[in-house]
Amino acid sequence: MYTFELSDRYLSNEELSVFQKYLDFYGMDNSIWEVFTCLFNSSLSHVQPLLLRTFKDDSLYGVAVIIKCKKYGRSFFSKKLIAGLIDTFNLPCYLWIKFGCCMDMMSNPGFVKDPEKTEEVIRAMAAYLKKKNLMSVIYDLTDNAEQFESASIFPALPQALIDCSTYTTITDYTEHYKNLKRKVRKFANKQGVYTRVDHQLSEKHLIELKRCFHATIDKSVIYLPYQDLYLSAALTTGRTKIENIYYFIATIDGEFIGYQTALVTGKYLNALHGAFDRTRKTTYHAYDIMFVKMVEFAIENGLEFVDFGGVANFTKEKMANTLRGTSYFIYSKYPLFQKVIDLMFRFTVIQGEGQLKFSKGTGVKAKG
């Protein structure tokens, strides 16, 4: 019924128009395409965005953004020798971050011409990825497990949302956190300031953005399999004037210490990319206060949700008021290799206590 094409060719304007009904149905707008354009303009040799096109009767019917990763050893194993060995095989992994939209600039639910056919098309896309690739990973909500027949399933970091649909002032949010007012005062007393830059960053800001990224990488619980593309796309997005993008920038005594970028689409404020300088002894709770500033912006602009993507630290877990369980759905076109993945994946950093402590109570147990 469906045919498929996986390539690095981005959508034309004519192709984009096919999915307007889908955007309207799910409360999104065309600003998401500008983010994905920046992503495709940031492609690197060892990690690149691809488009999975689905055709029905030779006409475009569905599309999903897939990330092809070749150097992901460090994401799986903390031992440099083992991580390096994995990378030497140069075996591509195809990653679809499916829940939400535009988190890390890459997440996308898959877009379908007729919204009522979404689940059917998603199943077909997953089956195609399994049939074609040595290893494909779909990172999605655990509740969608039925869409991924015969996948190996492992618990993943939950999705963090702040539902602010009933808030009228920022106090409606902050009153639930008894220490937050003290943290805000301390940040201000240390000459901490948040400013908002709309649509585009200056070159000076981009230099600081890059510095904060590098200061974060070695201290993060997670090393992303698309880490280099993440930075490259963040810089491309920052240089591009995009109407619905906003930058929340934290400084102390005028020094840039961190930021978070967000996209307004429909009733959502979606986190795109961000980093804080972790080489500092303290940022005086700047990261905590970032959630307050973004929720305040959402309330003032009539938005209902702030989506922060995967939970990778206790602060994000605490500051979110809604957590949704997610899982990794893993496929291989070779059944024997999928069994090898089942065994290997259980011993990776991704399934270690450092990450799974955030998914307790929201995910599933590994199922091979």
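The values are calculated or read from the model by the stated rules, or taken from the named source; none is laboratory data. Predicted model only: the values in this text are computed from it and were never measured. Cβ sites come from the backbone with ideal geometry, for glycine too, and all protein chains shown count toward neighbours.
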In the stretch 237-265, how many residues are of a type in the set (Val, Ile, Thr) and in contact with an Asp or Glu (Cβ under 6 Å, 6 or more places away or on another chain)? 3
Considering only the stretch 281-303, state which residues are of a type in the set (Lys, Arg) and in contact (Cβ under 8 Å) with a residue 24 or more places away in the chain. Lys293
Among the residues of the stretch 295-303, is there at least one that is closer than 25 Å to Leu231 by Cβ and either among the aliphatic types (A, V, I, L, M) or buried (at least 21 other Cβ atoms within 10 Å of the Cβ) (or both)? no
Checking the structure you have, find out if any residue of the stretch 114-132 is assigned to a loop (DSSP other than H, G, I, E, B), surrounded by 19 or more Cβ atoms within 10 Å (Cβ to Cβ) and at pLDDT 95 or above. no
Could you figure out which of (1) without any contact (Cβ under 8 Å) to a residue 60 or more places away in the chain; (2) surrounded by 14 or more Cβ atoms within 10 Å (Cβ to Cβ); (3) more than 30 Å from Ser327 (Cβ to Cβ) isn't true of Lys190? (1)
Take the residues in the stretch 204-230 that are part of a helix (DSSP H, G or I) and under 14 Å from Cys69 (Cβ atoms), then tell me which one is nearest to the chain's Cα centre (by Cα). Tyr230
Pick from the stretch 100-111 the residues that are in a helix (DSSP H, G or I) and aliphatic (A, V, I, L, M): which of them is modelled with the lowest pLDDT? Met103
Counting just the residues of the stretch 44-88 that are among the basic types (Lys, Arg) and assigned to a helix (DSSP H, G or I), which one comes out surrounded by the fewest Cβ atoms within 10 Å (Cβ to Cβ)? Lys80
Please work out which one of (1) surrounded by fewer than 17 Cβ atoms within 10 Å (Cβ to Cβ); (2) of a type outside the set (D, E, K, R); (3) in the same structural domain as Phe213 (by TED's automatic domain parsing) is the condition Gly309 fails and give its number. (1)
Pull up the stretch 315-337, narrow it to residues that are of a type in the set (Val, Ile, Thr) and more than 27 Å from Tyr94 (Cα to Cα), then point me to the one that is modelled with the highest pLDDT. Thr322
Considering only residues of the stretch 60-99 that are of a type in the set (Gly, Ala, Ser) and modelled with pLDDT under 95, which is farthest from Phe40 (Cα to Cα)? Ser78
Of all helices (runs of 4 or more DSSP H) completely enclosed by the stretch 1-43, which ones contain at least 2 residues that are closer than 21 Å to Glu304 by Cα? 20-25, 31-40
Mind checking which pairs have a first residue in the stretch 62-85 that is more than 21 Å from Phe347 (Cβ to Cβ) and a second that is surrounded by 15 or more Cβ atoms within 10 Å (Cβ to Cβ) and among the small types (Gly, Ala, Ser), Cβ under 7 Å, 6 or more apart or different chains? Gly62/Gly110; Ala64/Gly110
Flag if Lys339 is surrounded by fewer than 19 Cβ atoms within 10 Å (Cβ to Cβ) and either under 24 Å from Asn144 (Cβ atoms) or in contact with a Cys (Cβ under 7 Å, 6 or more places away or on another chain) (or both): yes
Examine the stretch 239-247 for a residue that is surrounded by 24 or more Cβ atoms within 10 Å (Cβ to Cβ), among the β-branched types (Val, Ile, Thr), part of a strand (DSSP E or B) and out of contact with any Phe, Trp or Tyr (no Cβ under 7 Å at 6 or more places or on another chain), and state whether such a residue exists. yes
